[in-house]
Amino acid sequence: MKIRSYLFVGMLSIMLGMMSISPASAQFSITTGVRFNAVQDDFEERTSGTEVTIPFGLAYTRDAFSLGLHSGYADAQAEYPDGEKAELANLTDTLLTVNYIKTGWPLIVSLGMNANLPTGKARITMQEGTATLGEANDLFEVEKFGEGLNVGGSLGLMKQFETAMIGINGLYVYKGPYDPTADFEDDDVDPGDQTLVAGIASWTPSEAWAVVSVITHSSFGEDETNGEKKFQEGSTLTLSGAVNYRREPLAVALSVQGILPNKDRAVVDGEWETEPDNSGSKTLIPTLGLSYTASPSVVLELMADMRYYAESERIDPENGLPYAGKRIRYSVGPGLLVTFKKLTGSIRAKYVFVDEKADIYLTDNRTFAGIDLKSEIALTF
């Protein structure tokens, strides 16, 4: 959960910074597509799985206001060495966003609200839960089909100079309770609320170059299970930076993100205790994107990224294995973007390779390999 939260927050901060210097517009768009993932491990008795996702989005922008609604349908299937098969197909949660950005003042002011509407399936059986593969969206795109009602509010202040911009953004997210399983009656979860502060700075020395950096710190409240406080996720510091270069018909985008989690806390024998060593993984995520504008309506792309999850500091004293083993995910592949009047279509294909080292949940090293296909079509008017 930490990884996904901070990838989203980093992208959100950069997006707010870019939106604040964009001209006002009024438009409505509808987006849909098909996303397909297929993976298989390298064990002699193999685990394999596929996932098909159909996303759906609506977006409306008028002057300083923007509204967005994003949901979808996902079908995940997995097959295990013992012949067991698992399937989970359902609507995903729905994300509703509202943003207001006021320019023309000494400071640029942004106000936002986002709500995770629990339209996805939360009460899944243990057998259904095995239909999703991977961690932090390394293999499958949808790993949790439903949570509770989460509502967040944000406030951002930014100052624009001739070629630079600095800003700060605060976000608070209320996380509502939900029942995560259909197998146990007394496991209702009330996750701790999230508080985040992000600082952003950008520099555009010329039309060709743009540099953006973001630093975020997030903390979490105490989780409750069946009405009792049980766990508190450690705070996380995230450092992100991006460099963009464009000289028609070529464009290059390079970004790096580092995620540094702190120690978690849990209730042991009725008392809060901080873990002796950090069970979270430090993460490094470099990303490279190349594009070539072949014509006003056709853009060719090449994308590559790596996600490096370091081995955790905390080791199980009984078997000597870390609580989180080292994982490295590589992906690379081409893309095509086509624009025809008010219709935009894209298709992107990636080869994905994940190398996992043994830990307390995985007794032997293994690798996963697969494909990640994404097609999308958007109508704007």
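The values are calculated or read from the model by the stated rules, or taken from the named source; none is laboratory data. None of the values given here were measured: they were computed from a predicted structure. Backbone-built Cβ (ideal geometry, glycine too); neighbour counts: all protein chains shown.
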Matching residues in the range 162-197 - criterion: being part of a strand (DSSP E or B) and within 19 Å of Val243 (Cβ to Cβ):
Ala164, Met165, Ile166, Gly167
Check every one of the strands (runs of 3 or more DSSP E) wholly within the range 64-153 and list those with 1 or more residues that are of a type in the set (Phe, Trp, Tyr) and out of contact with any Lys or Arg (no Cβ under 8 Å at 6 or more places or on another chain).
65-79, 94-102
Go over the candidates Lys342, Lys350 one by one and state the one that is in contact with a Phe, Trp or Tyr (Cβ under 9 Å, 6 or more places away or on another chain) and free of Cβ contacts under 8 Å to residues at least 60 places away in the same chain.
Lys342
Give me a count of the residues in the range 344-354 that are charged (D, E, K, R) and either surrounded by fewer than 16 Cβ atoms within 10 Å (Cβ to Cβ) or more than 30 Å from Glu311 (Cβ to Cβ) (or both).
1
Determine if the range 284-300 includes at least one residue that is at pLDDT 95 or above, buried (at least 16 other Cβ atoms within 10 Å of the Cβ) and under 30 Å from Asp179 (Cβ atoms).
no
May I ask you to verify whether Thr367 is surrounded by 15 or more Cβ atoms within 10 Å (Cβ to Cβ), assigned to a strand (DSSP E or B) and modelled with pLDDT of 95 or more?
no
Please list, ordered by first then second residue, the pairs with beta carbon atoms under 8 Å, 6 or more apart or interchain, first in the range 98-126 and in contact (Cβ under 8 Å) with a residue 40 or more places away in the chain and closer than 18 Å to Ile200 by Cβ, second surrounded by fewer than 17 Cβ atoms within 10 Å (Cβ to Cβ) and among the aromatic types (Phe, Trp, Tyr).
Asn99/Phe65; Ser110/Tyr100; Leu111/Tyr100; Gly112/Tyr100
For the range 212-251, give me every one of the strands (runs of 3 or more DSSP E) that falls completely inside it and has 1 or more residues that are touching a strand residue (DSSP E or B) at 6+ places or on another chain (Cβ under 9 Å), among the polar types (S, T, N, Q) and closer than 15 Å to Thr283 by Cβ.
236-247
Pairs please, first residue from the range 169-184 and under 12 Å from Gly146 (Cβ atoms), second anywhere and among the polar types (S, T, N, Q) and in a strand (DSSP E or B), Cβ atoms under 8 Å, 6+ apart in sequence or on different chains.
Gly176/Asn150
Quick test for you: out of Glu162, Glu185, Glu224, pick the one residue that is farther than 30 Å from Ala76 by Cα and surrounded by fewer than 19 Cβ atoms within 10 Å (Cβ to Cβ).
Glu162
In a strand (DSSP E or B), more than 29 Å from Thr344 (Cα to Cα) and among the basic types (Lys, Arg) - does that describe any residue in the range 40-59?
no
Of the residues in the range 235-247 that are touching a residue at least 40 places away in the same chain (Cβ under 8 Å) and out of contact with any Phe, Trp or Tyr (no Cβ under 8 Å at 6 or more places or on another chain), the one that is farthest from Ser154 (Cα to Cα) is Ala242
Quick one: Ala324 ticks every box in (1) in contact (Cβ under 8 Å) with a residue 40 or more places away in the chain; (2) surrounded by fewer than 17 Cβ atoms within 10 Å (Cβ to Cβ); (3) not in a strand (DSSP E or B) except a single one, so which number is it?
(2)
Yes or no: Asn114 within 22 Å of Tyr174 (Cα to Cα) and surrounded by 17 or more Cβ atoms within 10 Å (Cβ to Cβ)?
yes
